[in-house]
Every structure is written in C-alpha cells, then in structure tokens.
1. Using each residue's phi in the range B:374-382, evaluate 6.51 cos²θ - 1.76 cosθ + 1.60 at θ = phi - 60° and report the 3J(HN,Hα) Karplus result to the nearest Hz, with x for Gly and Pro.
2. Within 10 Å of each Cβ in peptide A:53-63, how many partner chain Cβ atoms are there on average? Round it to a whole number, please.
3. Residue by residue, what Karplus-based ³J(HN,Hα) values in Hz, rounded to whole numbers, does the range B:167-179 have, using 6.51, -1.76 and 1.60 with θ = phi - 60° and x for Gly and Pro?
4. Can you tell me the relative contact order of chain A? Whole percent, Cα pairs under 8 Å, sequence separation 6 or more.
5. Of the beta bridges DSSP finds with both residues in chain B, what % are antiparallel, to the nearest 5?
6. What average count of beta carbons from other chains do you get within 10 Å of the Cβ of residues in A:115-121?
7. Which whole-number percent gives the relative contact order of the range A:45-100, counting Cα pairs below 8 Å spaced six or more residues apart?
8. Per residue of chain B, what 222 nm ellipticity follows from adding -39500 (n - 2.57) for every DSSP H run with n ≥ 4, rounded to the nearest 500?
Amino acid sequence: MTGPIVHLAGVSKRYGDVFALRAVDLLVERGELLAVVGPSGSGKSTMLNIMGTLDRPTSGTLRIDGHDVGGLGDRELSALRARTIGFVFQQFHLARGVPAIDIVADGLLYGGRPRGHRRDAAERALRRVGLGHRMLHRSHQLSGGEQQRVAIARAVLGDPPLLMADEPTGALDSRSGAVVMELLRELHGDGTTVVIITHERDIAASLPREVRLKDGRIERDTAAPRVAS
Amino acid sequence: MSAPRLKPARMWPADVVRVGGYGLRSRPMRVFLSALGIAIGIAAMVGVVGISTSSTNELDQQLSALGTNLLTVAPGQSLTDESVHLPATAVGMIAAMPGVETVSAVGRTDARVYRNDHIAAEQTGGIAVYAARTDLPAVVRSRVVTGGWLTAANVRYPAVVLGHAAANRLAVFQAGTDSLVWLGGRWFTVVGILAPSELVPDLDNSALVGWPVAEAELNFDGYPTTIYTRAQESAVTAVQPLLGPTANPANPGEVDVSRPSDALAAKQKTEKTLSGLLLGLGAVALLVGGVGVANTMVISVLERRSEIGLRRSLGATRGQIRTQFLSEALLLSLLGGVGGVVLGVGITAIFATYQHWVTVVPFWAMAGGVGATLVIGGLAGFYPAMRAARMPPTEALANA
C-alpha cells in the first residue's frame, strides 16, 4: 500500500479546559525514522497515544496506514493496532517470571496465529535483537537493556509497518541506551517506520527528522519543507 | 484510497484458557485462598448430600433386609377406659387369614428382672418381661448374638433370652448356664442375647421367657399383648385393615394395628428435611465464596492496569480483555469447585466408613457442585471483567 503511514490533520486533544494538542498537522511517510521531542507537558505523550490509536483526538482527523481512525470502532481499532502498530514503552511492561520467548510470542497473541507459529516467530525475533542466548531466561533475570530489547522483539514480531517507541532509553544507562537506539536504527534500515518519543535532545538530533513540540504545538519540524514540496 | 476491512482475529480457545490461567499462576497464594472459599461451600453441599444419601442408602438396605411387610397388632383403648386385651384366639385367627405368611406373639407379664437378688425392687431398669412364642425370631427377623433362642425344650423351664439393651443393663455378655438373672423372684438362666432390632425396638429392652413357664411361674394371664405378623408383600395393604376385626371380632375398635417399617420411612423423611436445611447452609457458604472470588477479581483488575494497557496496545479488543478476566474467574471457581467436590466426597467417605455405611455420593451432586461454581464464577467475574474491558488503554498505561 502506498501513501503516508501517519497523517494528522488539525488534530487537537483537550482534557477539560486544557489543550494537550492544538491543531497539529503531521505527515509521516513510510520508512521514516523520526523523533518527537519536547519537554514534559509539551504534549508528546498525547501525541504518542493518538498516533498509536490508544486515544482519540477531540477534533481533527487521523489516518493510519490509510484508515480514517475516527470512523473505526473498538474492534477495528484493535485489529489496526494488532496488525499495523508496534509499541515500545519506557517501563518495558514485561510480565514477571515469564520466559522471554513467551513474552515475545504474546506480541502476536491477538493476531490469530497458532501458538507454535508464534513461538517460532518469537525465536527469530529474539535472535534479531541479539538475545538468541536468552530465550528461556525469565524477565527479572535480564538486565534493563535486555528487557527493552525483549520488548522491542515483541513489538516487531508481526512486522508492523509502524513502530512507536515511548522514551525507549529513558530507564536505561547510556550504554544499554545506545544498544537500543542502534537496534531501532536497524529496524528502520529494514523498512519499518520508527517514531521515537523522547525528551532527550541528543537522541532527537541524531535522527534524520525531528519534530519539536511545545505547549501542544509543533514548534519545529526539520522535514517540513520536504513534505510541503 | 480504499483500505482493506479491519477485522480482529479470533483467539484460539487454548490461548483463552492459557491467558486466563496466567493471572492465576502469578498469584498462587491468593488464588489458593479464594478457591478455598468456594471449595468449602461446595464441600459442605456435596458432603451433606453424600452423607444423607449414604444414610438413606443404609436405611433402604435395612428396610429391605427387615422387610416392609411386618404388621403388629396390639390391644388399644376401650371407650370406657377399662384395660382391654386381645382374645387368646387372636393368633390363630390371624394365621388363618389369606395373605398372611407367619404369625407370632409376645405377652407382657408383670414380672421384673434384676441382675441378682440384692437389687432394690424399684430398680427395674425399665426392662419388661414378655412371654414369647418360639416362632418369634422368624417373624421379626432378629438374630441372637450369643447363645440361642427359646426352644420347645426349654420353654417350660426358667430360661430367658435378653434384648440387646436389657443384656447391657443387666451386665450379661455371655449366654450360658452360669449367666443367671433374678426374674420374678427366682433365678433364670440366660440362654441367648438378641442383636439390636431396628424394626421392633421394643424387644431391645425386654426379657423373653417361654409361654408355659410364664403362665406357670409368673402369673401370666396368657393373653398376647403384641402379635407380629408377616403378610405377603402384595397383600400388606389388603391385610392391614382386616387385622383388627380378625383379632378381636367383638370389639374391632379396641385393636391397634401398625406397620413398624413406617417408622423407619418417617426417619428417612426427617433426615431429608434436616439435610435440606444443611444444604441451604452450604449454599450460603458457597455464596460467601463467590463474593470472595469477586473481591479477588476486582483487586486483580486494579493491580493489572498496565497489563491491560499493554494487551490493548498489542491489539486486544475490549471483548478479548473481558473474556480474559471472565475466564480467569471461571478457572478460579472451577479450581475451587473441583477441590470442593473432592473434599466433600472425602468427608462423606470418612463419615460413612466411621458409621459402617457404604459411601454413596450421587453423580448429580458432583456435577451440580462443579456446575454451581461455574455459575458463581461467571457472576463473580462479570463485573470485574466489564471494568477491565472499559478501562481506557491510555489510563491503564499511565499508571504503570
């Protein structure tokens, strides 16, 4: 399928009287690697939730992979998340005491494929993130960096075209963080669209495109001229 | 641009069970305790049903062993309140009735029986002395546990057969020539002791002597006070109303006719009423267990917000989250239900073995127990599951 993977047009999100996002327009093409950066309270978490279809905009339209999200019900939205979007969170969200391979296999739990197939895919995904030797380790036996790599393996298990990473290095030391960032770049190299939400300017600056948020508005978008042309 | 229709995939049934079980595996102690609540309720109900069924089964066996065709005839009350007695000819008249198989009789004497001749006269122990016909055991189907029954050879001599309770009161445990009791002012030899009689409990606390010796030595007037008769099974209801007129044609109203097995059947009914009551108590316990499961599930949903959020981000629909928590509640109750049935059967087995009964737990009680837990689990899990499903994914993830 062609066309942009994410398209926000005049998207606003209001909580009570407070606007978390104000009429944001954003176009993300397939295969991009970009950072959404801003201080806390700038609306980047809201941006992640809306782009990830975890929350709905108060106004404006959002298209993900060609689907008008506003017209989708819960079941269709869930199917869209299962098929199109992978998530990586700052706190990893790994089930305690469960072997890495089963955690990763759950990435396809809602995709309708049998368990044996999911475990095979999980094995490949763990090798892909460099954890082939940690398959049967339980989540609490892994280091923070390894846990985040398990979470990434789970997110990309079904080869979603869009990967949303929320502060993926926020809970890691710099060395583990660098490994995780390298992994995200590799995934981007393989064709996945990667959106990284971060408050770290260094990380943002190292990526091809940087969308800077402030007070719910896009303050600067390094790719804006190209998209506009 | 037309996008392909989005449709969530169905989860495999094995995955539904596996995901439902995941929440249980991660909190074993809490699961054990809430399952225990259910198990106690189910065990109480299965135990009550099992014990009552085993007891009924025992009574049924007793009834069929003792027979329901035994009828007794006794003198009743006259209108003028004089002491009435059955005619001496009553036994022969009844024996001649069509449908009657066997007849025997006992006659009450005024004699008293004591352990020895030093016991004070008023300490009778409530033991009655009867003159008994030699064919009595065949009719009432009582067994002797030691010694033998009265025979034609000893009915003219001071020989006595004691009922089970009477023997205990008189401290006689063995029949034999050196087992003597002081009866009617002279020594009688205990020739036999009867086993407890379920059907004719009157005999338990009695001393039975031969008809001739009673007449000769104990001032017995020779009138039977209770006639025992067995009718053909098919003729019992036909024979029963005719016994009065046959026994005492002059005054049929002065005869009491009864069917001892009716008393056992009534006992059975009483037990059923009681077990109905206990069953109700068990149901209350089960309900309390169900509230425990609901409580556990509500807490579980609150604690697992981030898991719910994560699953939603992985593509779980609201329905799939609901199914997960509902199946978790069902599994939890099922665990308690199966445990409760095992516990209830165990309690029944222990109690029945202790009472020397056969253990009988009806299948419907076990199936019903497990079925009831599923209903309880479904009800208890419904609200928490709805809550989990309605939780917005962002809120669930924010509280991590």
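1. Working through the residues one at a time gives 5, 4, 4, x, x, 5, 5, x, 4 Hz.
2. Taking the mean over all residues of the peptide, I get 2.
3. 4, 4, 5, 8, 6, 10, 10, 10, 7, x, 5, 9, 9
4. Numbers: 445 pairs, mean separation 66.1, N = 229.
Value for chain A: 29 percent.
5. About 75 percent, rounded to the nearest 5.
6. 1
7. 26 percent
8. On the way: 12 runs with 211 residues, N = 400.
So the calculated ellipticity at 222 nm is -18000 deg cm²/dmol.
Any read-out appearing in this document is the output of simple, stated calculations on the displayed coordinates, not a laboratory observation. In this text the structure is predicted, and so the values were computed from the model without any measurement. Please note: Cβ atoms are built from the backbone with ideal geometry, for glycine as well, and neighbour counts cover all protein chains shown.
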